[in-house]
Amino acid sequence: MDKKIFIVEDNQDDLIIAKRYLSHAGYAVVFSTADAAEGVRKAVEEKPDLVILDTLLPGATGFEVCQQIRQGCGGLGPKIIITTGSIDAVDAVKARKMGADDYCAKTSDCAPLLEAVKRIFSEG
Amino acid sequence: MPKKILVVDDEPNILRLIASRLEANNYEVITALDGFYAIKKAHDENPDLIILDIRMPAGGGMSVFDNLRANNSTMMIPVIFITAHPNEDIWREVMKKGAEGFITKPFNADDLLAKVKEVLKEGIGNAEQK
Amino acid sequence: MEGKEGFIEDLKRRCDNAEGELKKARDELEAESWGLVKTNEAIKVLYRELDKKNKQLQTLDQLKTNFINTASHELRTPLTVIRESISQILDGIHGRISSRQREFLSICLEDVDRLKRIVDDLLDISKIEAGEFKLKKENTDIIELVKRVIVYFSPKAKGLNLELRVNFCSEALLVCIDRDSMIRVFYNLIGNALKFTAKGYIEISVTQSPEWVECSVIDTGKGIFEDDLLMVFGKFQQFSNAGVSAEKGTGLGLNISKSIVELHGGRIWVESTLKVGSKFTFTLPANSKIAEVKDAEENTSS
């Protein structure tokens, strides 16, 4: 599999876990950052296959980052998954409106994230 | 004729001590260090009483007990269990299975002898009833 | 003609607006629907996580219990062997022994028994701290229970020339307690009082208020240093005895008594004056209070 994934996440532990499980499943996490602005910039520039965003980032929310990537890519661009440690129905709706392709819970085994990634890549 | 007691425990020291205490009180004692020999000696020697450690490696006192009770030649022999940590569950299980009771480790000599005397007197009565 | 065109334009415009509004509403609905589905999925994930954690906790709990049981067996076995060996020699089963040998073997026996008491107390503390110490509470006459313990100590008190006094609020008093544990607490407090009192008396009192039953053991002993008062219920606290004949304690009795009292929902504390004496007091919820709590529980659930 040669899908390129970016992760924008400020929690180091969550980042390590996500990287580990994703690479184990055969995906390549080619870039990660804790900085929202950098995340937007690189996503728009390099157009990875998927960007995984945390809801809470220093100075910005995952929703803003998502919206900015969509705008920067003219409405298309990479697939985007927003992950969160605290599920909220209102956030879920917001994620959709901001153009995210999925919204899932963070768990210690990354199962929801892996399922979402698999689903997104199989839909093409 | 002195009563014959079979003592079964996987700790050789415990075995030795129980044996010497019982012998000093005029009982004839045979011993076994594991389940296999316990059952063999029960068959061969036909003791009047068996003192059995409830917790032994590879099978445990309970399975030895079940085996003895399942066998015509040994089912009548009364059994006293030895246990290190008595609790209600063990007590209930032991009584339900029809053992004559148990003594706890560390036991003192008086408790052991009292229990043995008690069971041997009852043992005769039960055997006749059965 | 213009009128009609204007009308049609207006209609078209309104249609487009309506279509736009409809599309917005549909998009909104679609987003909310999507959001709900995702939230639902996430809730299921959380349930799964909760279940996993629950199972982990149960396993840990079981490991703790197994450890305590195993430790119990492993410690008790050598103690049995040592005690019984010495006992048999002292009983003459293995030949005559000199009085000198008897003396030293008796010392061995005394300390083996002491070790056994410490091990038993430590295992109880382990159980208490693991939350494994289960109380079997039932309505018990606490006055009768205290009297039994006093009867047990009477010969000893007499031998020490100490008076045992009682002060009971009634002939009998039913309290919801674990009988064996409560006997243990009284045994501990009265035993301590006898150990630390050289002359005078020990007074045991049981009084009642609407909500609490209060028990205390007063002695005219040497008292406890103010600095030590805080530590008195701690583990392995020993103070030098007044009487030489007293059996050495484990240093854990008061700690266990405190745990038992607190598991019952009560409090225990000590007041003391050097050279005058000490007073250990503990409270237990009176049956009336328990009845109140039960009523409250029943009312809220109905």
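What the Kirkwood sum gives for the protein assembly as shown is a hydrodynamic radius of 31.4 Å, with every pair of different alpha carbons counted. Each principal axis of chain C carries a Cα extent, and these read 137, 51, 38 Å when sorted largest first.
Between amide H atoms placed 1.01 Å from N, distances below 5 Å from A:Leu57 occur with A:Gly62, all of them 5 or more places distant or on a separate chain.
Where nothing but the Cβ of Lys and Arg (+1) and of Asp and Glu (-1) is charged, how large is the charge dipole of chain A around its Cα centre, in debye to the nearest 20? The partial results should precede the final answer.
Details: 15 positive and 19 negative charges, 73 e Å.
Computed about the Cα centre, the dipole is about 360 debye.
Relative contact order for chain C: 14 percent, from Cα pairs under 8 Å spaced at least 6 residues apart, divided by residue count. Pairs exceeding 24 Å between alpha-carbon atoms, taken from C:Lys116/C:Lys248; A:Lys4/A:Lys42; A:Lys94/C:Lys23; C:Lys127/C:Lys147; C:Lys116/C:Lys275: C:Lys127/C:Lys147; C:Lys116/C:Lys275. Put simply, the range C:78-192 fits an ellipsoid with semi-axes of 36, 22, 11 Å; these come from the alpha carbon gyration tensor as the roots of five times its eigenvalues, largest first.
Between C:Glu74 and C:Phe104, the modelled label-to-label distance comes to 3.1 nm, taking each label 7 Å out from Cα in the direction of the beta carbon. Computed from point charges on the beta carbon alone (+1 for Lys and Arg, -1 for Asp and Glu), the dipole magnitude for chain B about its Cα centre is near 160 Debye.
Where is the GNM fluctuation largest for chain A (alpha-carbon springs, 10 angstrom cutoff): A:Ala100, A:Ala36, A:Ala111? Looking only at A:Ala100, A:Ala36, A:Ala111, the biggest GNM fluctuation is shown by A:Ala111.
Computed from the C-beta positions of B:Met75 and C:Arg267, the FRET efficiency with R₀ = 41 Å rounds to 0.15. Other residues lying with their Cβ under 14 Å from the Cβ of B:Asp66 contribute a combined charge of +2, Lys and Arg counting +1, Asp and Glu -1.
Taking every alpha-carbon pair under 8 Å whose residues sit at least 6 apart, the range A:4-118 reaches a relative contact order of 24 percent.
Computed on the Cα trace of the range A:4-118, the radius of gyration divided by the Kirkwood hydrodynamic radius gives Rg/Rh = 0.92.
Once you have the Kirkwood Rh of chain B from its Cα pairs, apply Stokes-Einstein at 10 °C and 1.306 mPa s and quote D in µm²/s. Mind dumping the intermediate values first?
Numbers: Rh = 14.5 Å.
D = 110 µm²/s.
Any read-out appearing in this document is the output of simple, stated calculations on the displayed coordinates, not a laboratory observation. For clarity, every value in this text was computed on a predicted model and none was experimentally measured. Note that we place each Cβ from the backbone using ideal geometry, even for glycine, and neighbour counts take in every protein chain shown.
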